[in-house]
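Taking it in order: structure first as structure tokens, then the write-up.
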Amino acid sequence: MDLKEFRITNFRCIQDSEIINVDPLTVFVGKNESGKTALLKALHKLNPFKEDPYDIDNEWPRGFRKDRDAKSIVCKAKFELSEEEINKINKKYNIKYQGNQIEISKDYLNQFHINFLENTLNDNMSDSEIKEMCSILDSITEPVNQEFKKNIESIKKEIIESIKNGNTEEIIEVYEDYYDRLQSSKTSGNPQPQHNNENKYLTNFENNINQIIEDYENRETETGKLEKYIIDIMPTFIFMSDYRVFQGTADLSEIYNRKMHGKLDDEDKTLITILELSGLDLEGEIEKINEEDKEQRQYDLADASSTLTREISERWKQRKYEVQFRADGNYFFTFVKDEMDPSLIKLEERSKGFQWFFSFDLMFMYESKGTFENCVILLDEPGLHLHPGAQKDLLERLNEYAKGNTLLYTTHLPFMINLQKPERIRVINESKKGTVVNEDLTNTNPEAKLVLQAALGMSGCQSYLVSQKNLVVEGVDDYWIINEISRLMERSDKPSIPIEIFITPAGGASEVVYMTTFMVGQRLNVIALLDNDQAGRDAKEKLIKKWLTKYHDVKARVILLNEVIEKDTDFTIEDIFEEEWYIERVEKAYNEELKLKSIKSVKLKKGKTLIARITTFFNDNDLKYNKGRVAKIIIRDLSKMKSIEDIPEEMKIKFIKLIELIRNNLA
């Protein structure tokens, strides 16, 4: 089961997060105290690795006490079943379930609610099963009069019909009518034994009706069977916010004493974790301190070292550790080396970054019982105490962690954001309604943008401070699209943008002027790539007339995007895509909004640029259009393509021409 989206309501600072789409690796970006931790904790409690129930007294939003409701849903998540999982379900229960979208919710009573969004289950009882369930109404002792018997048959048929319609409430509502009909048809004059038999039947009648309703409601349906199975196989959520660093050397007796008095510190707990992962335990090591067989102790430590080394090498192939344990009386030592630094030295003598990574890997293994199978991994501010270079290393490591599992993490660190993967980024905003999460990177409040702006700034700063060749584009969307096109070209064994060319996004056409001017002033080679619209043409004129003419010795160019098609017409980055192909992504991005307006497809009027025509369509239908939302889907789709041959021929020609323009002007 893969997590596809979730929504948090009425949890701490979150009244309604709104629907949050999830990628296999998703980053939640926001400043401190913006609600990042609350978001992950609420999701974590949906199905925690260790028991951690929702607590309405401590977790209901402050200031809304009158609205408290234990039945209120805290987390609602949508999962997708794989084809293999669907086949297992059908084989296990001998059913024909075809849907793959399942919604699982949990309330403050910590009760699950399952909704099969594509319900193909059959919970109806067969006629014979219903008749068998109602056969209890036939338990009558003869003799009784014929009218009484006819009423029993009539009532039984009505009850059977109600059950067929799934309406057991109707049976309860008309019970008194049933009883009165039987009562009025009893034998008159109290002759024996009819009168006794009829009274006996009436005495048991209510119990028999209740038994039928109870049997119906407690029957094992396909939905009931599947609900239990889904809860069993749903992913486990592992939350990590405490990234402890173990320094390697420890006095085992002191740790044992602190454990006995309930005063273990973080470093103690990490040592105990390392022992457990190695097949050792603290109490066992304490007993060995005074044993005469010192050789056996060293043998056990060597075996434990090999055990942990094997576990790590199997899990973390991208960085191979070798661990060796030593002990001398009370003292326990950890020596570690890796392929980057083969020296076998004490862990505490390694760099802080190395210690952090090593401890982080081990804690990850421990929290998942040595395996990441069927886990959703939630990390709160990983890499907080690492230097920027190590943060970038960790970002690469998270890609490995996320293989085969969904991984979500929060950050306010610019170097923990991969700007080349915008589909992974979710921005956390603070609003009057509490914390909300937004995928639209441009439609966020200034505070929420700070981290992204810092990341872009650092990326740009690195570009024009270390590169002689620079490409300045109008915005983040252009940056992402051009990068992804270049990667697709590279996968297709065609010329792509060389690694020495750095792309820097500006904040619009006017900002391109200032960014390009700065680079020219630093004697750097630069291309300014602008849309061929009024803003782009104005920026080009300003650049050429006011600045570029002053620096004849610097290689600088201004390119308007219409050069891709070699026609004098308005042209923006979106016009590089085939209209039908682009609109498909628009309809996908705005599926819910278009449905609410009963719009089945986007039909455009004639006009100049594609983006202008789409904006007009949205405005005409009282909708707000944001091209960044569509750009993320485009980037995601392009990233999945193996070759440029997977796109329409017209787009292919434009892609190739765009890359040629950039390469030729910065050759």
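The values are calculated or read from the model by the stated rules, or taken from the named source; none is laboratory data. Worth saying up front: this structure is predicted, and the values here are computed from it rather than measured. Because the Cβ atoms are built from the backbone with ideal geometry, glycine has one as well, and the counts that use them run over all protein chains shown.
I need the full set of residues from region 43-95 which are of a type outside the set (D, E, K, R) and without any contact (Cβ under 8 Å) to a residue 12 or more places away in the chain, in order please.
First, the residues of region 43-95 that are of a type outside the set (D, E, K, R): 43-44, 46-49, 53-54, 56, 58, 60-61, 63-64, 70, 72-75, 77, 79, 81-82, 86-87, 89-90, 93-95.
Within region 43-95, N58, G63, N87, N90, N94 meet the criteria.
Select from region 30-62 the residues that are out of contact with any strand residue (DSSP E or B) (no Cβ under 7 Å at 6 or more places or on another chain) and in a helix (DSSP H, G or I) and list them in ascending order. Those that are out of contact with any strand residue (DSSP E or B) (no Cβ under 7 Å at 6 or more places or on another chain) and in a helix (DSSP H, G or I): I56, D57, N58. In region 45-101, the qualifying residues are those that are of a type in the set (D, E) and surrounded by fewer than 11 Cβ atoms within 10 Å (Cβ to Cβ), and the one that is nearest to C375 (Cα to Cα) is E51.
Here the condition is being within 38 Å of the chain's Cα centre (by Cα) and either within 19 Å of I345 (Cα to Cα) or in contact (Cβ under 8 Å) with a residue 60 or more places away in the chain (or both); of A304, A327, it holds for A304 alone.
Summed over region 128-157, residues that are among the charged types (D, E, K, R), over 17 Å from Q211 (Cβ atoms) and either surrounded by 11 or more Cβ atoms within 10 Å (Cβ to Cβ) or free of Cβ contacts under 8 Å to residues at least 12 places away in the same chain (or both) total 5. In region 214-267, the residue that is modelled with the lowest pLDDT out of those that are among the β-branched types (V, I, T) and within 29 Å of K41 (Cα to Cα) is V245. Scanning region 50-60 for residues that are under 20 Å from K433 (Cβ atoms) and aromatic (F, W, Y) turns up at least one hit. For region 1-24, a tally of residues being modelled with pLDDT under 95 and β-branched (V, I, T) returns 4. With respect to the conditions (1) at pLDDT 85 or above; (2) under 17 Å from S17 (Cα atoms), E381 lacks only one, and its number is (2).
Scan region 656-665 and give yes if some residue there is crowded, with 16+ Cβ neighbours inside 10 Å, of a type in the set (S, T, N, Q), touching a strand residue (DSSP E or B) at 6+ places or on another chain (Cβ under 9 Å) and assigned to a helix (DSSP H, G or I), otherwise no. Let's see the steps before the verdict.
First, the residues of region 656-665 that are crowded, with 16+ Cβ neighbours inside 10 Å: 656, 658-659, 661-662, 665.
Retained after the next criterion (residues that are of a type in the set (S, T, N, Q)): 665.
Retained after the next criterion (residues that are touching a strand residue (DSSP E or B) at 6+ places or on another chain (Cβ under 9 Å)): 665.
Keeping just the survivors that are assigned to a helix (DSSP H, G or I) gives 665.
Checked against the condition, which is being crowded, with 16+ Cβ neighbours inside 10 Å, of a type in the set (S, T, N, Q), touching a strand residue (DSSP E or B) at 6+ places or on another chain (Cβ under 9 Å) and assigned to a helix (DSSP H, G or I), region 656-665 yields at least one hit.
When I503, I499 are checked against the criterion of being exposed (fewer than 15 other Cβ atoms within 10 Å of the Cβ) and under 26 Å from E645 (Cα atoms), a single residue qualifies: I499.
Whether a residue is part of a loop (DSSP other than H, G, I, E, B) and without any contact (Cβ under 8 Å) to a residue 60 or more places away in the chain was assessed, and V630 does not pass this test. Annotation: of all residues in region 472-489 being acidic (D, E) and under 29 Å from the mean Cα position of the chain (by Cα), the one that is surrounded by the fewest Cβ atoms within 10 Å (Cβ to Cβ) is E484.
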